[in-house]
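Worksheet for the structure shown next.
The values are calculated or read from the model by the stated rules, or taken from the named source; none is laboratory data. This is a predicted model, so every value here is computed, not measured. Virtual Cβ from ideal backbone geometry, glycine too; neighbours counted across all protein chains shown. All accessible areas refer to the heavy atoms of the entire protein, side chains included, with ligands and DNA or RNA removed. Shrake-Rupley method; radii C 1.70, N 1.55, O 1.52, S 1.80 Å.
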Amino acid sequence: MNIAILYGGKSGEHEVSIRSAKSVSEHLHSERYTQTVIGITKSGKWFLQEDGIVRKEIDTGSPVSLMPGTGILSNNKLLDLDFVFPVLHGSNGEDGTVQGLLELLNLPYAGSDVLGSAVCMDKTVVKDLWIQAGLDTVPYLAFHKYSDLEASIQKTKQIFEYPVFIKPIAAGSSVGVHKVKNDDEFRSAVKDSLQFDTRYMIEPEVKGQEVECSVIGNLELESFPPGEIAASHEFYDYDAKYIDPDGARLIIPANISNEKQKEVQELAKKAYRYARAGGFSRVDFFIEENSGRVILNEINTIPGFTSISMFSKMCESGGLPYNEVLDKIIQLGIDRHRDIDELKLSYDI
Ligand SMILES: Nc1ncnc2c1ncn2[C@@H]1O[C@H](COP(=O)(O)OP(=O)(O)O)[C@@H](O)[C@H]1O
Ligand SMILES: [Mg+2]
């Protein structure tokens, strides 16, 4: 099979995607797959990397064009692709946009479909679905760039106590996420969050352990033993995730009882299902310090995806090594494409 790796993207997580894509490219089984590497610049332009290397300098490649119903072309030649692996994080990649494009190109692809991607990218929409399903998640307030900032502060203080978390509604990798302790910090955090999305949300702080769980599947799901993030910073911020080598420890399996582990794994599957995710995702929780409540934080449909990322490490600890995770994700994408293809498009009486 020839697999296209899509990487980079018009997203605040462009750099993170490059790392993930390098790892995917290195670990795809060379006997099973050939690769076609396509980079997307920060301005959204697509370039075929002729030598098949995932690199930062994307625009040195050849431009590609897209033909709906047919596929992807470069130099007027149709690329012979069997499958597309969007290794893109955040906006224009993890949010349903690229997924919609791939549907129209009639190419099977990895991960969640249009609906699941879009739902999971919006932290408030996914929470509303979870709340409706009776799942426990951190409560929130949502505002936008035209909301009266002082009124947002007052409203927040009526409902929650400082410290609160302020985050862009649709972003990731902790960009624009702030823990604030007073009105002044509130104002500057909002200003920063609004650089990454036109809307922001407020949550009360949950004190406790941060626990994550890998889930794989389309309609039938499996979840893996949860892992734990022990951040040495105030919280698991961008710096702790990607810059500071001592920013966080990944503890796998998480330091929780067997019972809690089971509870997390079951809840992760439910949360994934209600969020309409597909293929694979990482579901993130807090386990509250005093109550022991397992509270949903968020779901990532294309989580950090290097061989040493939490998602892959948790699969590995459950007996599924990274290259087999890739095999499985590819198979699930193909299965979904086939299932949809088999549906009737006309109804004859
Ligand atoms: N309500 C909260 N209580 C405590 N910590 C939080 C809360 N919300 C976010 N955090 C911290 O901020 C980090 C990033 O927030 P998150 O909602 O996961 O956004 P992202 O999509 O950017 O990862 C979390 O991993 C956690 O450390
Ligand atoms: Mg997160």
Exercise. Count neighbours as other Cβ atoms within 10 Å of each site's Cβ, and list the trypsin sites (Lys or Arg not before Pro) in the stretch 161-208 that are DSSP loop with at most 12 such neighbours.
Key: LYS181, LYS207
Quiz item: Taking only C-alpha pairs under 8 Å that are 6+ residues apart, what is the relative contact order of the chain in percent?
Solution: 17
Exercise. Take the alpha-carbon positions of the chain, form their convex hull, and give its projected area averaged over all directions (one quarter of the hull surface) in nm².
Key: 19.8
Self-check item: For the stretch 210-257, accessible area per residue (1.4 Å probe, heavy atoms of protein chains only), Å²
Solution: 48
Quiz item: Mind checking which of VAL87, VAL325, VAL215 has the largest fluctuation in a GNM of the chain, springs on alpha carbons under 10 Å?
Solution: VAL325
Quiz prompt | Whole-Hz ³J(HN,Hα) from phi, Karplus 6.51 cos²θ - 1.76 cosθ + 1.60, for the stretch 89-95, glycine and proline x | solution = 10, x, 5, 6, x, 9, 10
Quiz item: Short version: ³J(HN,Hα) in whole Hz for each residue of the stretch 322-333, in order, from phi by Karplus 6.51 cos²θ - 1.76 cosθ + 1.60 (θ = phi - 60°), x for Gly and Pro, what are they?
Solution: 3, 5, 6, 4, 4, 4, 5, 5, 5, 4, 5, x
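Per the 1.4 Å probe, what fraction of the accessible area of the chain, in percent, lies on carbon and sulfur atoms? Please list the in-between numbers first.
Numbers: 8030 of 16290 Å².
The C+S portion of the solvent-accessible surface of the chain is 49 percent.
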Quiz item: Which is the longest part of the chain that has none of the GluC sites (Glu not before Pro) sitting in a DSSP loop with at most 14 other Cβ atoms within 10 Å?
Solution: 58-160
Practice problem: Express the relative contact order of the stretch 40-146 as a whole percentage, based on alpha carbon pairs under 8 Å and six or more residues apart in sequence. | Solution: 16
Quiz item: In the Gaussian network model of the chain, springs joining C-alpha atoms below 10 Å, which of ALA142, ALA110, ALA151 carries the largest mean-square fluctuation?
Solution: ALA151
Practice problem: Could you tell me whether the stretch 192-252 comes out rounded, prolate or oblate from its Cα gyration tensor? Rule is a ≥ b ≥ c as square roots of the eigenvalues, rounded for a/c under 1.5, then prolate if a/b exceeds b/c, otherwise oblate. | Solution: oblate
Quiz item: Taking square-rooted eigenvalues a ≥ b ≥ c of the alpha carbon gyration tensor, is the stretch 209-324 rounded, prolate or oblate, where a/c under 1.5 means rounded and, failing that, a/b exceeding b/c means prolate?
Solution: oblate
Exercise. Roll a 1.4 Å probe over the protein chains and send me the accessible area per residue for the stretch 91-203 in Å².
Key: 43
Quiz item: What is the set of long-range amide H partners of VAL37 at a cut-off below 5 Å, with H atoms built 1.01 Å from backbone N?
Solution: ILE5, GLN49, GLY52
Quiz prompt | For the stretch 250-293: rounded, prolate or oblate by the Cα gyration tensor [a/c cutoff 1.5] | solution = prolate
Quiz item: Using helices alone, what [θ] at 222 nm do you get for the chain, with -39,500 (n - 2.57) per DSSP H run of 4 or more residues, divided over all residues and rounded to the nearest 500?
Solution: -9500 deg cm²/dmol
Practice problem: Report the full-extension gain for the segment GLU288 to ASP335: residue separation times 0.36 nm, less the Cα-Cα distance, to one decimal in nm. | Solution: 13.1 nm
Quiz item: Given the pairs LYS123/LYS344; LYS45/LYS167; LYS155/LYS191, which are separated by over 25 angstrom at their Cα positions?
Solution: LYS123/LYS344; LYS45/LYS167
Quiz prompt | Using θ = phi - 60° and Karplus 6.51 cos²θ - 1.76 cosθ + 1.60, couplings along the stretch 50-63 (whole Hz; Gly, Pro as x) | solution = 4, 8, x, 9, 7, 9, 5, 7, 6, 6, 7, x, 9, x
